[in-house]
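These notes are about the structure you will find just below.
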Amino acid sequence: MRRVGVFVCHCGSNIAGTVDVERVAKEACKFPNVVFATDYKYMCSEPGQQVIKDAIKEHNLDRVVVASCSPRMHEPTFRRCLESAGMNPYLFEMANIREHCSWVHPDKEKGTVKAIDLVRKAAAKVVKDEPLQKSSIGITKRALVIGGGIAGIQVALDIADAGFPVTIVEKEPTIGGRMAQIDKTFPTLDCSACILTPKMVDASQHPNIEILSYSEVEKVEGYVGNFNITIRKKARSVDMSKCTGCGTCWEKCPTKVDSEFDMGLGKRKAIYTPFPQAVPNKPVIDRIHCTKFKNGKCGICQKFCPTGAVDFEQQDELITEKYGAIVVSTGFNQFDHSVYGEYGYGKYPDVITGLHFERLINASGPTMGKIKRPSDHKIPETVVFVKCVGSRDEAKGKSYCSRTCCMYTAKHATLVHEKIPGSKSYIFYMDVRTPGKGYEEFYKRTAEEYEAQYIRGRVSKIYQKGDKLMVRGEDSLIGRPVEIEADMVVLANAMVAREDAGDLARTLGISYDKDNFFTEAHPKLRPVETHTAGVFLAGACQGPKDIPDSVAQAGAAASKAIGLLSKTQMESDAIVSNVDESRCSGCMICKGICPYKAIDAKIITERIGGKMAERQVAEVNKSLCQGCGACTVACRAGCLNLLGFTNEQILAEVEAVCL
Amino acid sequence: MQPINLTSASAAGKDFVEKVRKASGVDVKACYQCGKCSAGCPVAFAMDYTPRQVMRMLQLGLTEEVLKSHSIWLCAQCETCSARCPRKLEPAKVMEALRIEAKKAGFETEDEIATFNEKFLRSVASNGRVFEAGLVIGFNLATVRPFKDAGVAPSMLANGKLKLLPHKIKGRDAVRRMFEKAEKMEGEHK
Amino acid sequence: MITEKIRAAAKELLEKGEVETVIGWERGTFWYNSTPVFISKPEQADRLVFDDFCANNLAKYLLDYRNADGKIAVFVKGCDARAITRLIQDNQVKREKVYLIGIPCTGMKEAPKTVSSQDVAGLPLLAKCQSCATPNPVIYDILLGDPVPQKEVGNRFAGVEALEAKGADEKYEHWGKLFSECIRCYACRNVCPACNCRECAFDANGLNWLGKQNNLQENQMFNMTRAMHVAGRCIECGECERVCPMGLPLMDINRKIIKDLNELFGSYDAGLNLEDRPPLGQYKLDDPEKFM
Amino acid sequence: MKYAYYPGCSLHSTGIEYDMSSQLVAGKLGVELKEIPDWNCCGASAGHTTNHLLGLALPARNLAIAEKEGLDVMAPCASCYNRMKTSEVAVKSSQETKARVAEVTEMEYEGKVGVKSALEVFVKDAGLDTIKSLTVKNLGGMKIAAYYGCLLVRPVGIGFDDPENPMTMDDMVTALGGEAVDWPFKTECCGASLPTAREKVGLKLVYDILTIAQSVGAEAVVTACPLCFMNLDMRQNDLNKKVDNANFHLPIFYFTELMAIAFGEKPAKAGVGKHFVDTSSVLAKYNLK
Amino acid sequence: MSLNTEALPKSQEVTASPEAAPQPWEPRIVGFACNWCTYAGADLAGLSRLQYPPSIRLIRVPCSGRVNPQFVIRAFQRGADGVLVAGCHPGDCHYSTGNYFTRRRFLLMQRLLEYMGMDPRRFQARWISGSEGPKFQQTVTQMTEDIKALGPNRKMRDVE
């Protein structure tokens, strides 16, 4: 006979509005084993939890059911409440009569009937609950940062400063990410390289930081505190220990290739570093374009290398390392505007994107900072900026707003005015969204001091006429169609997720939304965590954002990781599988099912038929087991049971719900 | 320019917007006034209200003003706006629905275009096909410009591009009945 | 002729002490069913026989010898050998502890309708042997006699397809009538080599998966759950159907599962080779998602 | 291949050349055209902007007649094609629409047959290789701007080519040995009935198209719609008179005329003599007389 | 001892006529929802106040892989008119492979149930992610309609 207490929450009017909470409490009293039932305005509040604690003492309760919101929200809260009342926190069940009942069923009568059923279900299960203990597991005090952009670098520096070793895995030959391509940064217009490169150098020189550039994460196994991660160090064809970065090889290399870093506006060699201030400043051979790899000839770089660092036979190297925490900061891609037939399908050379423009105005860019249009290298007089290309466009692009384009387009207009005297820039916009600190003032200055002409209206067509680009729009403030003869058009393309974001999410076991941005644990309350414990997010991989927000998130993610790594032991969840060895026949079908390899065979000796005999049974490693329960169904005899969700508990719930 | 009394306008406008939605399948409330339709519209320059403004007037419930506009008649139904709308709306279908509603309400602001269409349909109703010569002459007389484009007539006649007599098809009564039936069935398109 | 070979083989094994026990068949009380026999001395070998009525699948008896020290010899027909493979895969039998004597099998006969007539030749094959796809043992240490040609089996799922074509109510009527006759004697489970748990989930007290009542819905639960438990393990030896006192067509259920497994997850027959893993114990990324 | 041929009102009068050249090309390509008996006008834009149901019913009657003979319809005129395709899609996608249209037309149109534009039949289905092989007198690099207008390519789902940058006619011109000039106004609207009903507005559209065509160095414009043809061809001298420094002498062809000529037919037989803007000089230049 | 076949439940479907019964019959659907995706999706449906018929009772399990086919039979035995098993989309499982096994088990189970005479519409499995509140709402609404059309379930139930 159990002594169960049922506590029904009003949640202000959220539940009480469409569920008769008093009646639910009254009905609850009639359930078997329920000795006490009450209702209260806010169960999760301090006084609410006090009601529970008092009731436990007063009525000598040994099981508690709270009928309120989703267990995903307040299960931990009420478990702590039970713990403080001296009860094992796992003798507790919740009935979700808010999200699954009051909020979705307006009919009060039906809502109440369903609420009563849900409470009966919870009461039936709680009777079968057994006290459970958490077990503690060790933590590998080491963090992995995937993606070496500004966000990744900031996370690494913060964690390293807290005294923990960090590894940055960066897909490109150098860290720096998108920010390295940018010329100036808003709203203060300080030069991007001036504030980024020192951080890159700090990262490379920090004793606690190891940079694995030109590498990718191949496989992630294990769980929070004990990830073992396989990293593929792609073959650079250059021996990093010998190379001094002197640059002779890329001077002598005959093969010229479009530089991805310069968005195809400039050239690079087959052996190259993406940009001069690269960290590590060691080149990589692009095996697709290098003639040595294509037809075995050439090899000039090897001949001229003073330290003999060039090694064509170098192969990819797979290393497996243990980490306690992972921070994902893989950044973003730029929307590919070639889907817009009305803007020329990307065929007009002088219709470029924001990043192309960044490379044009960048002093270390292909045009040494002079804004020359790609088609004939003339300096453009009239520059038209088109915003929301791919953003806020459900038909051909993304439905969301990419947050940063209004500011960087204003910045571009400012720089056009500064760098090309007598030039005129027009900006087609729908809404100017500049909410940051000092952003609005920056935008106002562009319109007033830098004579940028803002036209409210989306551009409908851009076409080549002679050497001019005709841009057709409507100034919707006066309601007149307008046309501009431009020399160059800069499209403010949307920020989209990396094309391999989905695969990385599956590798890490974290979820991602319809646009392939990684999904945070809670949009407001846990923005830098994911539902997978130990995996944190920072920067644009979680959603479009600018540098200040990315760095702020990096700091947050780092603090979360530090919080985790600073613990000596970590409690692993008590919801784990458990084997009834007396009935297990050792068929080991469960072993093949477990995704965490938490089940293994062990030999036990027992007295059978008068003599000692050995027998094989399954054994669950409590720290590896994450409590998914897939093994329990595979076990036909039912000797594997998931504590907290046992077969008996679920059967009891099914029966209670079907009465 | 009198201020618009929005309380009464939007109340009246609400069910007109619903009528437009039923007729055209377009929910004008979804339009966020980006202006891409007006920018791409080939005849926007000649309109009193650009397509975007027409959508805005519907959103604000200015039903009569929109039904009296020139824009809904000048629209050539070339669907450029519908092809490029970022909200996947179809302003062309709205223009079509508004032109039908305007005709029903007796507003034919662009009377010449209205007359041209009427003459066109009357020719179809009576012959089953358009008698082009009759249409042009009828239209010119109705718009009191009897000799408009008269210059081209002789060469067209010579090239057999103008038939003097309409070709009446056998099924012309069936076609005429179609006109009446469609009229009776309110022409609603679900 | 086979019987002499069997006796000679058994005698030699026992004399040499290679095996502790030999499991085979001997003449039963009636001429039309031979029963299993367990001999441990060479001279007892003469009791062994192999005729048209050795239908029993001897593999499951090995479960009683889990902890016996020394090797066990067992005679295996085609279906029995698949059972051995399954038992090894389920870690219930160690390969090195059994000595398998394979016998190519031409199929066992049904018991005669009238006891008196001694006409063996005229008797039809057992249902399970008519659709037998593996007359020759897939695993053995020695093989007595040369392999038997594989006979044309036809569509072994014909019965299942006929049932599938019926309407929902018709099917419920069909199975409802049959299951209401089930007396839950568990003979089918006890004879089935796939059912090799130490203690069956239905016997364990406290785990009330199955009510003790012998009514229709509990019978349905038992039969459906057993079908799901042996999914991917059933070797179509047909013993369950043969031993069922109520004559329920149990193979119609197991064959339905096998048909679905093959259709959904690629062709698979249990017990054919040691490396196979049962389909429900693994997955493919591109598994079908018909109704999800 | 056999099609129910739907000429449409213009092809029996102002667009006579399009009918003549289509028949010739059909003969050369082995496409059998059987004119729909007693076909009626599709209502064009006047129909569906006056009564939506009428706009669907008028084309449906023709489709119903063609369906009786089990033949898909070929409609050279872009407007007729657009209207019939809209009716076909509407009837196929909703039972209710099918019932209402059937009630109006008093004929059953199940939606078993569909409609194709002449461009689809003669170029896409026939295939560029067939066209190349049939070319006897190639166009010798004549610079031609392919003008599609709007109703052939829009709306999406009704139009059969890319709404922003269609290439079917461009490929045909190249296959015939001409040079298809890349220009941005391929799908800008010519104003349809506006040049007739509202001259000041309509003429500006025609003016813009012709100006851009000229600026890219086109020696001729090819189109697949009788209304676009009439606006571009007949209105040139109106523009030359009414707009100062407008001096257009840009020959306009139907794509079927060019195909017929290239396949060895005599230009006159294809109907090029009936144009307003003289075509003989450009044909002579590339000895296609 | 043999059972008399009259005890066999009458298997023709009792079509509930909503007008006649005073209180329209509400089907009872037992739902097994995986904690990380479908349960979160149902929470999101609640957060966005998406109304759906109160016919479903969700049982939370850590992963759809935890749902044993025998639970489904037990639900039908005890009177459920419909059973829904829902979890993360394959590839998104929080435990990486849990739902691959769900898929295999319930593809087989669904066919077995159908083979035994159970109307397939009564047993559904769906992939509903944490961000698909509307999909949860539609699934429940659709399933309620289907089962209302079928009427109360008489099969595999306690024999009245």
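The values are calculated or read from the model by the stated rules, or taken from the named source; none is laboratory data. Keep in mind it's a predicted model, so treat the numbers as computed, not measured. Because the Cβ atoms are built from the backbone with ideal geometry, glycine has one as well, and the counts that use them run over all protein chains shown. Protein only, heavy atoms only, side chains kept; ligands, DNA and RNA dropped before computing areas. Shrake-Rupley method; radii C 1.70, N 1.55, O 1.52, S 1.80 Å.
Nearest 0.05, what FRET efficiency do C:Asp146 and C:Cys185 give at R0 = 56 Å with Cβ-Cβ as r?
0.90
Give, ordered by residue number, each residue of the range A:621-649 whose 1.4 Å probe accessible area is reduced by a minimum of 30 Å² on adding the remaining protein chains to the chain alone.
Hits at the 30 Å² cut-off: A:Cys628, A:Ala630, A:Val633, A:Arg636, A:Ala637, A:Phe645, A:Asn647, A:Glu648.
In the range C:47-86, which residues give up 50 Å² or more of accessible area once the other protein chains are added, compared with their chain alone (1.4 Å probe)?
C:Asn67
Could you tell me whether the range A:235-313 comes out rounded, prolate or oblate from its Cα gyration tensor? Rule is a ≥ b ≥ c as square roots of the eigenvalues, rounded for a/c under 1.5, then prolate if a/b exceeds b/c, otherwise oblate. It would help to have the intermediate numbers written out before the result.
On the way: a/c = 1.74, a/b = 1.12, b/c = 1.55.
The shape class here is oblate.
In degrees from 0 to 90, rounded to the nearest 10, what is the angle of the helix A:108-127 Cα long axis to the longest principal axis of chain A?
Approximately 70 degrees, to the nearest 10.
Could you state how much accessible area is buried at the D-B interface, both sides summed, with a 1.4 Å probe, in Å² to the nearest 100?
Protein heavy atoms only, the D-B interface buries about 5200 Å².
Per residue, how much accessible area does the range B:6-104 have with a 1.4 Å probe, in Å²?
Accessible surface, normalised per residue, equals 35 Å².
Which FRET efficiency value, to the nearest 0.05, do you get for D:Val136 and A:Cys191 by plugging their Cβ-Cβ distance into 1/(1 + (r/R0)^6) with R0 = 45 Å? Intermediate values should be presented prior to the final figure.
Details: r = 66 Å, r/R0 = 1.48.
Once rounded, the FRET efficiency stands at 0.10.
How large is the accessible surface of A:Phe332 in square angstrom, using a 1.4 angstrom probe and rounding to the nearest 10?
Its accessible surface works out to 40 Å², give or take rounding.
With a probe of 1.4 Å, find how much accessible area chain C has per residue, and write the answer as a whole number in Å². All intermediate terms of the calculation are to be shown ahead of the outcome.
Details: 12420 Å² over 292 residues.
On a per-residue basis, chain C sits at 43 Å².
Using a Gaussian network model of chain B whose springs link C-alpha atoms within less than 10 Å, name the residue from B:Asp111, B:Asp149, B:Asp48 with the highest mean-square fluctuation.
B:Asp149
Using a 1.4 angstrom probe on heavy atoms only, work out the carbon and sulfur share of the accessible area of the protein assembly as shown in %. Write down the numbers at each step before the final one.
Working: 32920 of 60780 Å².
Ligands and nucleic acids excluded, carbon and sulfur reach 54 percent.
Select from the range C:256-291 all residues whose loss of accessible area on going from the chain by itself to the full protein assembly reaches 50 Å² or more (probe 1.4 Å).
At a threshold of 50 Å² (probe 1.4 Å), the residues of the range C:256-291 that become less exposed are C:Lys256, C:Leu264, C:Phe265, C:Leu280, C:Tyr283, C:Glu289, C:Phe291.
Quick one: what are the phi-derived ³J(HN,Hα) couplings along the range A:43-58, Karplus 6.51/-1.76/1.60 with θ = phi - 60°, whole Hz, x for glycine and proline?
Per-residue couplings from phi come out as 4, 7, 7, 3, x, x, 5, 5, 4, 5, 4, 4, 4, 4, 5, 4 Hz.
With a ≥ b ≥ c the root eigenvalues of the C-alpha gyration tensor of the range A:334-496, is it rounded (a/c under 1.5), prolate (a/b larger than b/c) or oblate? Intermediate values should be presented prior to the final figure.
On the way: a/c = 1.24, a/b = 1.05, b/c = 1.17.
Rounded, because the longest to shortest axis ratio a/c is under 1.5.
Starting from the Cα of C:Glu12, move 7 Å in the Cα-to-Cβ direction to define the label point; list residues of the range C:62-96 whose amide nitrogen is under 20 Å from there.
Residues C:71-77 fall inside that zone.
Using a 1.4 angstrom probe on the protein heavy atoms only, line up C:Met1, D:Met234 by accessible area, largest first. Kindly include the intermediate steps, with their values, before the conclusion.
Values: C:Met1 150, D:Met234 15 Å².
Per-residue accessible area, sorted high to low, gives C:Met1, D:Met234.
Taking a point 7 angstrom from the Cα of A:Ala447 along the C-beta vector, which residues in the range A:386-404 have backbone N less than 19 Å away?
A:386-388, A:403-404
Please work out the Cα center distance from the range A:189-210 to the range D:26-66, rounded to the nearest Å.
71
Would you mind giving the total buried accessible surface between chains E and A, with a 1.4 Å probe and ligands, DNA and RNA left out, rounded to the nearest 100 Å²?
So the buried area, both faces added, is about 4200 Å².
List the aspartates and glutamates whose Cα lies under 18 Å from the Cα of A:Lys372, skipping any in the same chain that are fewer than 8 positions away.
A:Asp183, A:Asp258, A:Asp262, A:Asp350, A:Glu358, A:Glu381, A:Glu418, A:Asp467, A:Glu485, A:Asp487
Excluding residues on the same chain fewer than 8 positions from A:Lys30, give the lysines whose Cα lies under 26 Å from its Cα.
A:Lys41, A:Lys53, A:Lys57, A:Lys108, A:Lys110, A:Lys114, A:Lys121, A:Lys125, A:Lys128
Using only Cα atoms, what Kirkwood radius does the protein assembly as shown have, in angstroms? Before the final figure, lay out the partial values.
On the way: mean 1/r = 0.0253 Å⁻¹.
That comes to 39.5 Å for the protein assembly as shown.
If only Cα atoms are counted, what is the Rg of the range D:2-118, and what is its Dmax, in Å?
Looking at the range D:2-118, its Cα Rg and Dmax stand at 13.6, 42 Å.
Can you tell me the orientation of helix A:439-448 relative to chain A, as the angle in degrees between its alpha-carbon axis and the longest Cα principal axis, to the nearest 10?
Value to nearest ten degrees: 30.
Looking at the protein assembly as shown, send over the antiparallel percent of its DSSP beta bridges, to the nearest 5.
So the antiparallel bridges amount to about 40 percent of the total.
Dipole of chain A, Cα-centred, from +1 at each Lys and Arg C-beta and -1 at each Asp and Glu C-beta, to the nearest 20 debye?
Charge dipole of chain A: 820 debye, to the nearest 20.
Of the DSSP beta bridges with both residues in the range A:144-290, give the percent that are antiparallel, rounding to the nearest 5.
70
Name the most mobile residue of D:Lys241, D:Lys98, D:Lys186, meaning the one with the largest mean-square fluctuation, in a Gaussian network model of chain D with Cα contacts below 10 Å.
Comparing D:Lys241, D:Lys98, D:Lys186 in a Gaussian network model of chain D, the most mobile one is D:Lys241.
Could I have the simple spin-label model distance between A:Asn621 and A:Lys242, label points 7 Å from Cα toward Cβ, reported in nm to one decimal?
Modelled inter-label distance: 4.1 nm.
Quick one: longest stretch of chain C between exposed loop GluC sites (Glu not before Pro), exposed meaning at most 10 other C-beta atoms within 10 Å and loop per DSSP?
The longest uninterrupted stretch comes out as C:1-151.
Probe radius 1.4 Å, ligands and nucleic acids left out: can you give me the accessible area buried at the B-A interface, summed over both chains, in Å² to the nearest hundred? Please list the in-between numbers first.
Details: alone 12070 and 29560 Å², together 40030 Å².
Buried surface at the B/A interface: approximately 1600 Å².
Give the accessible area for B:Ile4 in Å² (nearest 10); use a 1.4 Å probe, count only protein heavy atoms, and leave out ligands, DNA and RNA.
B:Ile4 exposes around 90 Å² with every protein chain in place.
When a/c is below 1.5 the answer is rounded, else prolate if a/b is larger than b/c, else oblate, so apply that to chain A with a ≥ b ≥ c taken from the square roots of the Cα gyration tensor eigenvalues.
Oblate, because a/c is 1.5 or more while a/b does not exceed b/c.
Take every Cα pair under 8 Å in chain D that's 6+ residues apart, average their separations, divide by the length, and report that relative contact order as a whole percent.
19
What full-extension length gain, to one decimal in nm, is calculated for A:Thr77 and A:Lys372 as 0.36 nm per residue of separation minus the Cα-Cα distance? Write out the running numbers ahead of the final one.
Details: separation 295, 0.36 × 295 = 106.20 nm, distance 6.11 nm.
Contour length minus Cα-Cα distance gives 100.1 nm.
Roughly how many Å is it from the Cα centre of the range C:51-70 to that of the range B:107-123, as a whole number?
Between the Cα centres of the range C:51-70 and the range B:107-123 lies a distance of 97 Å.
Please work out how much accessible surface A:Asp549 shows to a 1.4 Å probe, ignoring ligands, DNA and RNA, in Å² rounded to 10.
Approximately 50 Å² of A:Asp549 is accessible to the 1.4 Å probe.
Using θ = phi - 60° and the Karplus form 6.51 cos²θ - 1.76 cosθ + 1.60, what ³J(HN,Hα) does each residue of the range A:619-628 get, whole Hz, x for Gly and Pro?
With the stated coefficients, the range A:619-628 comes to 9, 9, 7, 4, 7, 7, 5, 9, x, 8 Hz.
Counting only other chains, what is the mean number of Cβ atoms within 10 angstrom of the Cβ of each residue in peptide D:182-189?
On the way: counts 2, 3, 9, 4, 0, 7, 6, 9.
Mean partner shielding for this stretch: 5.
Label points 7 Å out from Cα along the Cβ direction at D:Glu35 and A:Trp250: separation in nm?
Modelled inter-label distance: 7.3 nm.
Helix C:216-229: angle to the longest alpha-carbon principal axis of chain C, degrees 0 to 90, nearest 10?
60
In units of 2.2 N^0.38 Å, what is the alpha-carbon radius of gyration of the range B:111-188?
Its radius of gyration relative to the 2.2 N^0.38 Å reference: 1.26.
Quickly work out the B:Met185-to-C:Asn273 label distance, labels modelled 7 Å from Cα along the C-beta direction, and quote it in nm with one decimal.
Here the modelled spin labels are 6.6 nm apart.
Can you compute 3J(HN,Hα) from phi for each residue in the range A:561-571, using the Karplus curve 6.51 cos²θ - 1.76 cosθ + 1.60 with θ = phi - 60°, rounded to whole Hz and x for Gly and Pro?
5, 4, x, 6, 5, 6, 6, 7, 10, 10, 6
Between A:Glu130 and A:Arg607, what FRET efficiency follows from the Cβ-Cβ distance if R0 is 30 Å, with the result rounded to 0.05?
Calculated value: 0.60.
Out of residues 5 or more away from C:Val37 or on other chains, whose amide H comes under 5 Å of its own, with H placed 1.01 Å from N in the peptide plane?
C:Gly24, C:Trp25, C:Glu26
Taking a 1.4 Å probe, which of E:Cys37, A:Cys191 shows the most accessible area, and what order do the others take after it?
Sorted descending by solvent-accessible area, the residues read A:Cys191, E:Cys37.
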